[in-house]
Amino acid sequence: SAEVVARNLAAMMETRLETTFRRIEGDLDSLASLVPDDALSLDRQATYRNQLTARLRAEIGHFPELTAYRFVDADGNHLYTSDEKFVPANFADRPWFHEAKSGTQSGLIFSDVFTGRVNPEPLMVVVKPLRDAQGRFHGASVLGLLGGGFAIAFFGGLGLLALRRRGFHRDDGLHRLH
């Protein structure tokens, strides 16, 4: 029946997303452990750029659901990226950055869906605040999720988030929801 098919598809999607989020957490923890505290500074960016960019690019190639890995400093300055071309930017005005900087937790932060500043397409970011042993915020490791291979539609009033692989053209009526 349609109900059984829908439940099976939902279970498969849940498993896929759970696996993706576990991988994201592991990758962000691993990458964060590789970054010396002094690398999270505009003054030291030139010293570490080649080393950290190479590492980020090597990691992103194994994870097609992601748009980019990035590191930002305590002021929101974009320091390092897995992107082919570095685009200077500041993320201090983004809600996810405020949450990472002002919070005391070191767990993952998931943003709302928004239009990217470096890649102007809908995406969501996952952020790992980087803090020293005393809890002081030094910056964050950030990754863009969903932007490359998925189309995203958010129906805020309904509390729904629809994900579709790009290139899927069947008219299912999602675009008509208000």
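The values are calculated or read from the model by the stated rules, or taken from the named source; none is laboratory data. Being a predicted model, the structure only gives us computed values, none of them experimental. Cβ placement follows ideal geometry from the backbone for every residue including glycine, while neighbour counts extend to all protein chains displayed. We work out accessible area using only protein heavy atoms, side chains counted, and drop any ligands, DNA or RNA first. Shrake-Rupley method; radii C 1.70, N 1.55, O 1.52, S 1.80 Å.
The table below gives the values:
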{"read-out": "Candidates Asn90, Asn77 - the one that is touching a helix residue (DSSP H, G or I) at 6+ places or on another chain (Cβ under 7 Å), of a type outside the set (Ser, Thr, Tyr) and either open to solvent by 80 Å² or more (accessible area, probe 1.4 Å) or free of Cβ contacts under 8 Å to residues at least 40 places away in the same chain (or both)", "value": "Asn77"}
{"read-out": "Restricting segment 1-37 to residues that are acidic (Asp, Glu) and more than 16 Å from Ser141 (Cβ to Cβ), the residue that is modelled with the lowest pLDDT", "value": "Glu14"}
{"read-out": "Hits in segment 93-111 (condition: within 17 Å of Leu123 (Cα to Cα) and either free of Cβ contacts under 8 Å to residues at least 12 places away in the same chain or not aliphatic (A, V, I, L, M) (or both))", "value": "Asp93, Arg94, Pro95, Trp96, Phe97, Phe110, Ser111"}
{"read-out": "Selection within segment 107-160 - part of a loop (DSSP other than H, G, I, E, B), modelled with pLDDT under 80 and not β-branched (Val, Ile, Thr)", "value": "Gly116, Arg117, Asn119, Pro120, Glu121, Leu146, Gly147, Gly148, Gly149, Gly159"}
{"read-out": "Residue match in segment 12-20 (condition: open to solvent by less than 60 Å² (accessible area, probe 1.4 Å) and in contact with a His (Cβ under 9 Å, 6 or more places away or on another chain))", "value": "no"}
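Every residue, every condition in (1) small (Gly, Ala, Ser); (2) under 19 Å from Leu145 (Cβ atoms); (3) surrounded by fewer than 17 Cβ atoms within 10 Å (Cβ to Cβ); (4) in contact with a strand residue (DSSP E or B) (Cβ under 8 Å, 6 or more places away or on another chain), yes or no:
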site: Ser1; (1), (2), (3), (4): yes, no, yes, no
site: Asn8; (1), (2), (3), (4): no, no, yes, no
site: Leu40; (1), (2), (3), (4): no, no, no, yes
site: Ser82; (1), (2), (3), (4): yes, yes, no, yes
